[in-house]
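Taking it in order: structure first as structure tokens, then the write-up.
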Amino acid sequence: MRVLEAFDIYRFYHVEEEETLALRGVSVYVESGEIIAVQGPSGSGKSTLLACLSGIDEPDGGYVTLMGKRITRLPEAVRAAARARYMGIMLQSGNLFDHLSVEDNILLQMHLAGRIDLKRVNELIKLVGLQHRRYARQAYISGGETARAGLAVALAAEPAVLLADEPTGEVDAETEQQILYLLNNYRENGGAVLVVTHSNAVAAFADRTIQLFDGRIVDDG
Ligand code: ADP
């Protein structure tokens, strides 16, 4: 199933007289059980694409479907509810609330999606190897642990699709392997992943890699 799909999306930014064509007719889809990597130089439109796919931003042209239903140009509350129900999002930073423990961050995400599952909290914490850090706040855990906790939060509500922006950008090679293991585990259980990454290790792991340049897909492999 095509869990998430963008149809010919455009996004323009206007700053005074200047117009930036951040996305120019991008179509992309991700099916359950696959990992799609998005690569491209800085400024090629990767973050804008991720924001439009998640419904956090709205494309100026084209549209996005989530679980076969259009989310573009719907009220923000509707988009937010669809996002909480079906999407996990892991950004480069800011995935955890500073004042909450790892466990409470996971619980909050479940609460937002409307399903608290204490058994799953334990499973997730074990999966990301943070049993000894479950009551710690972000200030007291390492960068690698923060990345793994961010992934646990993104996967908390068993999303149909995971959007990840440079999930291994700030971590050492060992943590990168752990994150790849977790993404693979999610994929094998039918999860769909779209990951923006500079890492060749992550791209090598993907089922397809899409290259963006200047707001367009230049290679859809
Ligand atoms: P990437 O993530 O690949 O680095 P972005 O999606 O951040 O690329 O940016 C694509 C283009 O859109 C760039 O030229 C960037 O300067 C521009 N851009 C992104 N966000 C904004 C914004 N809020 N206002 C104006 N221009 C923007």
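Scanning the range 2-34 for residues being in contact (Cβ under 8 Å) with a residue 40 or more places away in the chain and closer than 14 Å to residue 160 by Cβ gives a total of 9.
Do we find a residue being open to solvent by 80 Å² or more (accessible area, probe 1.4 Å), more than 16 Å from the ligand (Cβ to nearest atom) and modelled with pLDDT under 95 anywhere in the range 81-97? Yes: the range 81-97 contains one or more residues that are open to solvent by 80 Å² or more (accessible area, probe 1.4 Å), more than 16 Å from the ligand (Cβ to nearest atom) and modelled with pLDDT under 95. Among the residues of the range 98-114, the ones that are surrounded by 14 or more Cβ atoms within 10 Å (Cβ to Cβ) and in contact with a helix residue (DSSP H, G or I) (Cβ under 6 Å, 6 or more places away or on another chain) come to 6 in all.
Give the range 53-62 a look and list any residue that's closer than 17 Å to residue 161 by Cα and away from the ligand (no atom under 15 Å from the Cβ), or say none. Can you show your working first?
Step one: filter the range 53-62 for residues closer than 17 Å to residue 161 by Cα, giving 53-56.
55 - this is the single residue of the range 53-62 that is closer than 17 Å to residue 161 by Cα and away from the ligand (no atom under 15 Å from the Cβ).
Screening 23, 53, 49 for residues that are under 19 Å from the mean Cα position of the chain (by Cα) and either closer than 14 Å to residue 220 by Cβ or among the charged types (D, E, K, R) (or both) leaves exactly one candidate, 49.
Among the residues of the range 146-166, are any in contact (Cβ under 8 Å) with a residue 24 or more places away in the chain, among the polar types (S, T, N, Q) and within 18 Å of residue 37 (Cβ to Cβ)? Working first, answer last.
The initial filter retains those residues of the range 146-166 that are in contact (Cβ under 8 Å) with a residue 24 or more places away in the chain, namely 146-166.
Add one more test, that the residue is among the polar types (S, T, N, Q), and what stays is 146.
With the extra rule that they be within 18 Å of residue 37 (Cβ to Cβ), the set shrinks to none.
No - not one qualifying residue is present in the range 146-166.
Filtered by the rule that a residue be open to solvent by less than 30 Å² (accessible area, probe 1.4 Å) and either more than 16 Å from the ligand (Cβ to nearest atom) or not small (Gly, Ala, Ser) (or both), the range 28-52 gives 28, 30, 34, 35, 36, 38, 39, 46, 48, 49, 50, 52. Take the conditions modelled with pLDDT under 95 and more than 16 Å from the ligand (Cβ to nearest atom) and apply them to residue 105. Does it pass? No.
The values are calculated or read from the model by the stated rules, or taken from the named source; none is laboratory data. Remember, predicted model here, so these are calculated numbers, not experimental data. Positions of Cβ are backbone-derived with ideal geometry, glycine not excepted, and every protein chain shown enters the neighbour counts. Heads up: the accessible areas ignore ligands, DNA and RNA and are worked out on the full protein's heavy atoms, side chains in. Shrake-Rupley method; radii C 1.70, N 1.55, O 1.52, S 1.80 Å.
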